[in-house]
1. How much of the accessible area of the chain, in percent, comes from carbon and sulfur atoms when a 1.4 Å probe is used?
2. Please state, rounded to one decimal and in Å, the Kirkwood hydrodynamic radius that the chain gives when every pair of distinct Cα atoms enters the mean of 1/r.
3. Over the chain, what is the percentage of antiparallel beta bridges among all DSSP beta bridges, to the nearest 5?
4. Rg and Dmax of the range 225-301, using alpha carbons, in Å: what are they?
5. Relative contact order for the range 128-200: what percent, with Cα pairs under 8 Å and sequence separation of 6 or more?
6. Pairs of Cα atoms under 8 Å, at least six residues apart: use those to get the relative contact order of the range 225-301, whole percent.
7. Please report, in debye to the nearest 20, how large the charge dipole of the chain is about its Cα centre when each Lys and Arg carries +1 at its beta carbon and each Asp and Glu carries -1 there.
8. In percent, what relative contact order does the chain have, based on Cα pairs under 8 Å that are 6 or more apart in sequence?
Amino acid sequence: MNSIEVQNLSKVYGSTTAIEDVNFTVETGEIIGFLGPNGAGKTTTMRILAGYLPATTGTAKIAGYDVHQQSMEVRRRIGYLPENPPLYPEMTVEGFLNFVAKIKGVAKCDRKKKVTTVIERCQLEDKTKTAIYKLSKGYRQRVGIAQAIVHEPRVIILDEPTVGLDPRQIIEVRNLIKSLAIEHTIILSTHILPEVSMTCDRIMIINQGKIVITNSPDELQKQLAGNYGYQLELAGNIADLLPKLAAIPGVVASKVITENLNNQNRDLVEVTCNADSEPGKELAALTINQGVSLYEMRRIRPSLEDVFLELTTEEIISNE
Ligand code: ADP
């Protein structure tokens, strides 16, 4: 059985469609990165999964239980770290984790052991008696993760777990997440590409409420580095030309992207090519042989990379 199963999930806030027809599954033991720019719909999806927000349509199941109809079963099986974890600043770390264990239904006889275990796992041993308001942001985030996992849930949902941390704290929290992945299914959201490529088995990219790509970081990298294309500005019988262009060795696909460009009776055609092929000469020759006028032909960046850059522009530029 899959740990997380999401089908046709949509959420509409008034006139805003936050997510639309989202479908995905996460297998037990998998760590999946949910990547997308701000406003893409990550938090909305995670809040629905955690049972904190009803979906407008569609279903989400955790370990086979419907998040809406069987929310108590679901809450027992998930740990959720919201963007702003609900911490009680005046409480000590240990006091707070005891309190959370209690409200999450951990039996009194198990509580001490589970709190001690989570304190070790999250490397909070030095801070057990410290009031939460005195902790650095990195430690507070560890307490946030500790409160999410103290009842030993099977599925962990982490919303932007490293946001606002300094580089050293980011590495520590990433290592903590990786160590949890051995026994848990994890879904973590981020708007930063390196975050997911370092921690996750699989990346799911969401943009404007829709899942645009799901793949392993390696495969995604290949896809991103793989195909490239040409844009051709043409006038003539395009319908006949397109399948012939697509049949050239090395060409993956051809399609019209803009008809009647600038009202000049020209069409803009995009041809996608395999990374290891160089069919530019053949493309031009065939077009002219077919009696189609070729006004412009330019190489373009990988179309997938375009999608990706659009999603993560700031981070890619700042990491270069
Ligand atoms: P992300 O977590 O990827 O930044 P969100 O899920 O927070 O994205 O938001 C998705 C979209 O839904 C955005 O357009 C956001 O403005 C909108 N949205 C989120 N929460 C609410 C709300 N409570 N009321 C109205 N619109 C909302």
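1. 47
2. Over the chain, the inverse of the mean reciprocal pair distance is 22.2 Å.
3. In the chain, DSSP labels about 70 percent of beta bridges as antiparallel.
4. Rg then Dmax for the range 225-301, in Å: 11.5, 36.
5. 35
6. 46
7. 1660
8. Normalised by residue count, the contact order of the chain is 19 percent.
The values are calculated or read from the model by the stated rules, or taken from the named source; none is laboratory data. What you see is a predicted model; the values in this text were computed from it and never measured. As a convention, Cβ positions derive from the backbone with ideal geometry for all residues, glycine included, and neighbour counts pool all protein chains shown. What goes into the accessible areas is simple: the full protein's heavy atoms, side chains included, and nothing from ligands, DNA or RNA. Shrake-Rupley method; radii C 1.70, N 1.55, O 1.52, S 1.80 Å.
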